[in-house]
Structure formats: structure tokens, C-alpha cells
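Here, each number is a calculation from the coordinates, and none is a lab measurement. None of the values given here were measured: they were computed from a predicted structure. No Cβ is skipped: glycine too gets one built from the backbone with ideal geometry, and neighbour counts run over all protein chains shown.
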Ligand code: HEM
């Protein structure tokens, strides 16, 4: 048995630009020093596929460490700090279980499938607006899609989308652990909160607008039945906006970045809806924006290593899909890759916090890709992209592209 602190480990510079630009080569260096764990700026990084699976499944011995994030950000008591401490994923065990039990049954594949027409309409509307330009920043374009879809799903006015998008963009930087961002984060949070409060208040005053309940109707009914307070319901709605925003946007941006170099795959996406599902699943292996973090609430022994209580562990779900001990040719994007229970991707996490919006996320990216490939023909790079910080929601910042408007060639 070895103490974690006594291990010889590689120091992963996860907070640096160099790491964000190419995390894979750093992790390969770390793997040469130890097979599954390295040190990093704020704790330890577990990078091996099975170690992430095993450790993230030990839910009872760990908690998502948002209290530590609030401490690092010196945000205790600020509006953003309050939300970060009390959002669904950060709640204490019992309260989290109540929220999860109340809402999880509503986020089904069936519900997500029912929402597909709204997703298609939303993407079609955005494409009508953007494709005539034939030269755009794809990341900016993609950023309107998840926020517009969610707004449509909860009956929010589309005029509010640009303001929400701006605040969500700021909000997404919160997990990059830079305290100087706090005033901007507070402002962004308060804007999204006010929007969600108003939406819930208005719906309670005017319930049952249509025969088919939308997502907001479903959430309000479930929260009334489950004894969830309006404060918690509002926090949940804010959280849905936040959780679904730059995750989905960054996946779509990386998808375009990848498929520009695979024109046959891209062209087939325009014709073959079923194939889009495979492409999207392979994308979740190939790239994913999130790194989960946990604080150990008890000592854990794993593979003869003693991890003490109060250790901060990072799980880069973002890059584990390229683990060469699991995937052959991990840097090759292959929608036909054989996947089973031994190598399934972990883009949506594991255990009791596994993504509640995963079916919505999958459906909106599949539908989005199918229409995109029809309307943005022959896309090619038209400038440089930057990378976002690795901690938090990683991905490309900016993706200038040129393409031909598919509608004008019909
Ligand atoms: C590509 C898009 C998405 C990705 C990659 C993603 C990824 C994740 C991951 C990895 C987690 C677990 C985090 C952890 O355990 O530390 C999570 C949790 C969560 N996600 Fe997503 N997500 C996406 C989209 C969405 C959408 C669209 C929604 C809602 C509309 C959503 C709602 C949630 C919620 C509510 C949780 C917290 C669940 C809990 O604590 O019980 N996500 N997501």
C-alpha cells in the first residue's frame, strides 16, 4: 500500500494554454511516470479510462467539489457563489436525491424525441439567418442553437436569446478558476436568474397554454408534486441553461472543426439521418468539453494507493476517449468504430450525477448536424481558432469558416 503523496507523479500543467492546446501529449508523458494518476495545479488528475470509471462510481465517498471552487474563486456569499454552492449537482446527498428523484424520470429518450421537431425548426431558422453570409464564425453561430432550443422547450421569448447567450458565455468561464472574473460572473448569473424567475412566475399565472405540456410545464408539475421550492426550481432552470449551453456549443464547434477534414463523412450526414447518430456518438468519444471534479469525503484505497480524505480529484472526461490503452488509433475519428460496454464513452459522466440532459443533448446535436450538413456545403477554415481554458468547459474559441449556402444550390 502506498500513500498518494508518496507516489512519484508527473505534474500536469492543466491551467496553461499549452496544455489546453494539446492535452493528449502531456497525458502521454504523465502515463510514462504513472499508469493512471498525475498531479495538477489544484490536486490530482485521474486520466486512465478504467480508473475514471472505477473512482467516479465511488459516489458515496466523494462529492462534486463546488464548495472548493467557490473558495478558490473567493465567491462565498456572492450571487454566483450562492448559486454555485446550491445548484443541483452541488447539493448535499439527501437534497440531491430528492431533486434527482423528482426530475430524472422526466428527462427520458421519449421526451427528447418528442422535442426533435422543435430542434429542427430552431436549427432551420438559424440556418436561414446565417447561411446566406457564406463566411461566419461557426462557434458564434453554434452558440445560438442550444440556448434557442432550450428557450423554445420552456416557452421563453426568442427576443431574450441574445442577452441570455451573452450571459451564458460569461458564465461558462466560471469553472476556469480565475477569481478576477467574479464581478462579471455575478452580473451574468443575476441576468439569467431574473429571466428564469419571470418565466416560472408567468407560467404559474397562466398554466396549460397548450394541450401538450412543454418542458417548463413538466418541471413545474414535477416540482409541485415533489415538494420542491420555487427557489430550487429556479436554480434548476438556470442550471439547465448553463449545463446545456457551452457543452453543446463546444461539441458542435469541434464537430465542424473535425468534419471539415472529413468531407465524405460530412456529406453523408446530409443524406443519412441514422448515420448522424453514429457520428455524434463517435464525437463524444473523440472530444468532450467537460472535466469533472470531486472532493474525497473519506479515505479511498484504489489499486494499492491510499487517497486521503479531502483530496481534490479531477476526471478529464474531455480526453479519456483518446486513451490508447482502450481505443485502437484513438486519434482517428471513425463513426464505424466497434463500441460495447468495455469502451463506451463517458461524455455524460457516471454515477448519481450522470447528465440529466443527455438525451436532449444527443437529439439536438444529431438534428442540428443533419440540417447543417445540408445547408453549409463544402465548409473550409477561413481563419485561426483559439483554445479555451482546460479546467471547466474546454474547446475552441472561434472557428471562422467559409461554405456555400446549400439552399441556393437546390
Ligand atoms: C453535449 C452536451 C452535454 C454534455 C457533454 C454534458 C455533460 C455532463 C456531465 C459530464 C455531467 C456530470 C458532471 C459531473 O458528474 O461532474 C452532467 C450533468 C448534468 N447535466 Fe449535462 N451535458 C450536456 C448537456 C446537457 C443539457 C442539454 C442539459 C439540460 C437541458 C444538461 C443537464 C445536466 C444536469 C441537470 C446535470 C446534473 C445532474 C446531477 O447532478 O444529478 N446537460 N452533464
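General remarks:
- The chain: relative contact order as a whole-number percent, Cα under 8 Å and 6+ apart: 26 percent
- Anisotropy class of the chain from Cα gyration tensor, a/c 1.5 cut: oblate
- Its DSSP H runs of at least 4 residues, each contributing -39,500 (n - 2.57), put the calculated 222 nm mean residue ellipticity of the chain at -16000 deg cm²/dmol, to the nearest 500.
- Computed extension gain for residue 309 through residue 85, at 0.36 nm per residue and net of the alpha carbon distance, reaches 78.6 nm.
- Cβ-derived FRET efficiency at R0 41 Å, residue 261 paired with residue 352, nearest 0.05: 0.60
- Among 113, 250, 206, the largest mean-square fluctuation in a Gaussian network model of the chain, built with springs joining Cα atoms closer than 10 Å, belongs to 206.
- Looking at region 2-409, the DSSP beta bridges with both ends there are about 80 percent antiparallel.
- Using a Förster distance of 35 Å, the FRET efficiency for residue 74-residue 166 (Cβ separation, nearest 0.05): 0.90
- Counting only Cα atoms, the size of region 120-194 along its three principal axes is 40, 30, 16 Å, in decreasing order.
- Extending 7 Å from the Cα toward the beta-carbon at both residue 124 and residue 93 defines two label points whose distance is 5.0 nm.
- Stretching the chain fully between residue 224 and residue 17 yields a gain of 69.9 nm (0.36 nm per residue, less the alpha carbon separation).
- Pairwise FRET efficiency - residue 67 versus residue 33, Cβ, R0 = 25 Å, nearest 0.05: 0.25
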